[in-house]
1. Could you calculate the contour length gain from Arg174 to Ala117, that is, 0.36 nm times the residue separation minus the distance between their Cα atoms, to one decimal place in nm?
2. Springs between alpha-carbon atoms under 10 Å, Gaussian network over the chain: tell me which of Asp134, Asp105, Asp147 tops the mean-square fluctuations.
3. Please compute the modelled spin-label separation between Val14 and Asp74, points set 7 Å along Cα→Cβ, answer in nm with one decimal.
4. For a label point 7 Å from the Cα of Thr186 along Cα→C-beta, name the residues of region 101-139 whose backbone N is under 16 Å from it.
5. Give the ranking of Val14, Val101 by solvent-accessible surface, highest area first, calculated with a 1.4 Å probe.
6. Return the ratio Rg/(2.2 N^0.38 Å) for the chain, where Rg is computed over Cα atoms only.
7. By how many nm would the segment from Thr3 to Ala141 grow when fully extended, if each residue of separation counts as 0.36 nm and the alpha-carbon distance is taken off?
8. Would you compute, from DSSP H runs of 4+ residues alone, the mean residue ellipticity of the chain at 222 nm, taking -39500 (n - 2.57) per run and dividing by the full residue count, rounded to the nearest 500?
Amino acid sequence: MSTIPLDLETDTVVLPAPALSPQVTLERSLMRRHSTRTFLPDPLPLETLSALLWAGFGINRRERHGRTAPSAHDWQETDVYAVLAEGAYRYDAQAHRLLLVSAEDLRRYTGTQDFVATAPLDLVYVADFSRMPDVSDEDRAFLAGADAGCIAQNVYLCCAGMSLATVVRGLVDRRRLAQMLGLTVTQRITLAQTVGYPGREA
């Protein structure tokens, strides 16, 4: 049974308000931040998913739609996709909700490592180059990558504070995953990041 309460009429999932425990301090998160490649398959609660997405690139101030991570020229060109067993969703930060992109389990397409197919959550960071005017192709790709790195670090720190495992990844079949997610010609996959409960390291 799905753990994601999808509204079948609108293909949306309304996320609960993001909440981080008072025990999740910056010092604790920095001390515990590390990459892990072993994950349990157990699904994450919706409340945890909500906190992760908000920490990564959510709205932290309503004036000018300020976000939890910076972006060059305030382009906010990055969209965060949450790829779960139940399907793939685009995170709508303004409404703090998920929009269904595909009802298929696309986790195995989010990277080349075996663990991506069974970990509960794979985040995919997608830059829309159409939101990045007046810059060279080289700088556009560089800046989009830097912005995605800021989002990934936010997720790292959130995971460290919540005792979750995570690893950011660059090895992705971008062309195939873009097709599976229905991306446009102006959208480019920058990074992917796996999140879950830590398994036993080999």
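The values are calculated or read from the model by the stated rules, or taken from the named source; none is laboratory data. What you see is a predicted model, and the numbers here were worked out from it, not measured in a lab. Using ideal geometry, Cβ is built from the backbone for each residue, glycine included, and neighbour counts are taken over all protein chains shown. To get the accessible areas, we keep the full protein, side chains included, count just its heavy atoms, and leave off ligands, DNA and RNA. Shrake-Rupley method; radii C 1.70, N 1.55, O 1.52, S 1.80 Å.
1. Values: separation 57, 0.36 × 57 = 20.52 nm, distance 1.59 nm.
Full-extension gain reported as 18.9 nm.
2. Asp134
3. 3.0 nm
4. Within reach of a label on Thr186: 126-137.
5. Values: Val14 105, Val101 55 Å².
Ranking Val14, Val101 by accessible area, largest first, yields Val14, Val101.
6. On the way: Rg = 16.0 Å, N = 202, 2.2 N^0.38 = 16.5 Å.
My calculation over the Cα atoms of the chain gives 0.96.
7. Working: separation 138, 0.36 × 138 = 49.68 nm, distance 3.56 nm.
Length gained, Thr3 through Ala141: 46.1 nm.
8. Details: 4 runs with 52 residues, N = 202.
Roughly -8000 deg cm²/dmol at 222 nm, from the helical runs in the chain.
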